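*Asks:* One structure, pasted below without further comment.
The values are calculated or read from the model by the stated rules, or taken from the named source; none is laboratory data. These numbers come from a predicted model, not from an experiment. With ideal geometry, Cβ positions are generated from the backbone for all residues, glycine too; neighbour counts draw on all protein chains shown.
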Amino acid sequence: MADFLDSSSSAQRQVPQNIDAEVNLLGGLIQDAEGFTEILAILDEESFYLEKHQIIWKALTHLYRQGVVIDLVTLATTLETQGKLQFIGGKEYLFNLIESVASSANVLWHAEIIRNKYILRKLISNSNETIRAAQDPAASPDEILQESERQIFNLAEKQVRDSMRPIEAHITTLLTKLKDRKDGLTGCPTGFTELDSLTNGLQPSDLIILAGRPGMGKTAFALSLASNAAINYGQKIAFFSLEMDGEQLVQRILCSRAQVNMSNLRSGRLSRDDYQKINAQVQPILESKFFVDDNSDLGIMELMSKTRSLKRKSGLDLVVVDYLQLMKTGKEENRAVAIGAISRGLKILAKDLRVPIIALAQLSRKAEEKGRERPQLSDLRESGSIEQDADMVWFVERPAYRTHAEEDKYKAQLLVAKHRNGSVADIDLTFMPEYTTFYNPSPDAFMDQDNDFGEYV
């Protein structure tokens, strides 16, 4: 085999590569292309170390896509037509590839070896780029860290760039999605019927801004939605709380699930029935994939790092950030610019991870001064960039906040003010202040305080 290797220099030997695996893979595919579909899902042109092997792979891929039988003759003809036959060593080199392979049965194994060596080379290349960037006196450490992390994450989550697949693969994927759908949902379910109907579940890559005046119940709604998704539907949730600690969040979840008065839980004045209700909900919560981060000094870079790590380790279906304006900003002196950088970072993160992100946000106090009952997009603090980056904007509204009327005590609405991929709507909800949680609307909810809301959303 050494007679057709290009170089044996020490520099080459130090670079992660496995020429033997490349030779055996290419020779095996020329002998028998049956496993080509699986190989395409693992390798691309850049995966090969030797340039001539890249050229041969490209020619093999071309033949396979055209439905042409792959053998020595068709491959040599294709390379000659492309003017590359002599560069790779002529027909003799192709013949040597075939002769070097006893069997094509191990091509998948060889493909994994080639891919692993390619990843190592990319890691070295990315590291060298990071070193060069760090040596720039004007370089920003945050920007370098973000770019380096993005490169490594993309490498770890590397998707197949070759989209050519047989139709049966698409059919299988479609049937799997249809089978896994819950109530016709294609995204992360929220448990709120009208909202799920409007959005078909929270869609991957969407940035959702959940806004409201202080005390309206933004955190309560976000927590209700997140716990529904995690506990009822088995979704993997990351909840970043910059305002409340983890214990307070757990208290709210327990009260919501068990329907126990929050004040009684905090004071410890719980009846035997309350204890039984709480104990019944502990195990489902423990079994859920609900991750809480209550670091109050969280910046966009740290959030990106933590979510990417969680995505790699455990998978991730939804990220909640409570709330946007409390996040640590960079060096920008202008607050609007700083918040804009955070919202853009969240949108980029949602696209990179392919998960929906809900970011809570405060409304400007000017909204109350204007005397309007209904909030508008312009009421968002530092609204310009936030509104632009968001795929959806929701407002939480409770009439009792303004009227203080007893008949409005349990009424609530989720106002979908922006929906990039669908229509807007006003969604009626039920808010139970005793449990600090939101439910689907119940016709008797406002008439009977002792009504059992046992069907959790």
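*Asks:* Out of the residues in the stretch 131-147 that are polar (S, T, N, Q) and within 20 Å of Ile348 (Cα to Cα), state the one that is modelled with the lowest pLDDT.
*Replies:* By that ranking, first place goes to Gln146.
*Asks:* Can you confirm whether the stretch 252-260 contains a residue that is under 24 Å from Ile300 (Cα atoms) and in the same structural domain as Leu363 (by TED's automatic domain parsing)?
*Replies:* no
*Asks:* Let me ask you something else. Out of Ser47, Ser100, I need the residue that is surrounded by 14 or more Cβ atoms within 10 Å (Cβ to Cβ), assigned by TED's automatic domain parsing to the domain that holds Ile124, touching a Gly at 6+ places or on another chain (Cβ under 7 Å) and closer than 24 Å to Asn116 by Cβ. Which one?
*Replies:* Just a single option satisfies the conditions, and that option is Ser100.
*Asks:* Hey, which of the helices (runs of 4 or more DSSP H) in the stretch 218-284, taking only ones fully inside, have at least 3 residues that are modelled with pLDDT under 85?
*Replies:* In the stretch 218-284, the matching helices (runs of 4 or more DSSP H) lie at 246-258, 262-267.
*Asks:* Can you tell me which of (1) surrounded by 13 or more Cβ atoms within 10 Å (Cβ to Cβ); (2) of a type in the set (Ser, Thr, Tyr); (3) at pLDDT 85 or above is the one Ser364 doesn't meet?
*Replies:* Failing condition for Ser364: (3).
*Asks:* Shifting gears a bit: Considering only the stretch 285-311, state which residues are assigned to a helix (DSSP H, G or I), charged (D, E, K, R) and surrounded by 14 or more Cβ atoms within 10 Å (Cβ to Cβ).
*Replies:* Result: Glu302, Lys306, Arg308, Lys311.
*Asks:* Hey, any hits in the stretch 417-426 for a residue that's closer than 16 Å to Lys218 by Cβ and touching an Asp or Glu at 6+ places or on another chain (Cβ under 8 Å)?
*Replies:* No - not one qualifying residue is present in the stretch 417-426.
*Asks:* Oh, and also: Which of the residues spanning the stretch 194-210 are among the hydrophobic types (A, V, I, L, M, F, W, C) and closer than 15 Å to Leu349 by Cα?
*Replies:* Of everything in the stretch 194-210, those that are among the hydrophobic types (A, V, I, L, M, F, W, C) and closer than 15 Å to Leu349 by Cα turn out to be Leu207, Ile208, Ile209.
*Asks:* Please give the number of the condition Ser378 fails out of (1) in the same structural domain as Gly315 (by TED's automatic domain parsing); (2) farther than 18 Å from Gln325 by Cα; (3) at pLDDT below 85.
*Replies:* (2)
*Asks:* Which of the residues that make up the stretch 74-115 are modelled with pLDDT under 90, among the small types (Gly, Ala, Ser) and outside any helix (DSSP H, G or I)?
*Replies:* Of everything in the stretch 74-115, those that are modelled with pLDDT under 90, among the small types (Gly, Ala, Ser) and outside any helix (DSSP H, G or I) turn out to be Ser100, Ala102, Ser103, Ser104, Ala105.
*Asks:* Within the stretch 393-404, identify whether any single residue is closer than 23 Å to Leu318 by Cβ, modelled with pLDDT of 80 or more and exposed (fewer than 14 other Cβ atoms within 10 Å of the Cβ), and answer yes or no.
*Replies:* No: zero hits.
*Asks:* Identify, from the list Asp206, Asp245, the residue that is in the same structural domain as Leu353 (by TED's automatic domain parsing) and more than 21 Å from the chain's Cα centre (by Cα).
*Replies:* Unique residue meeting the criteria: Asp245.
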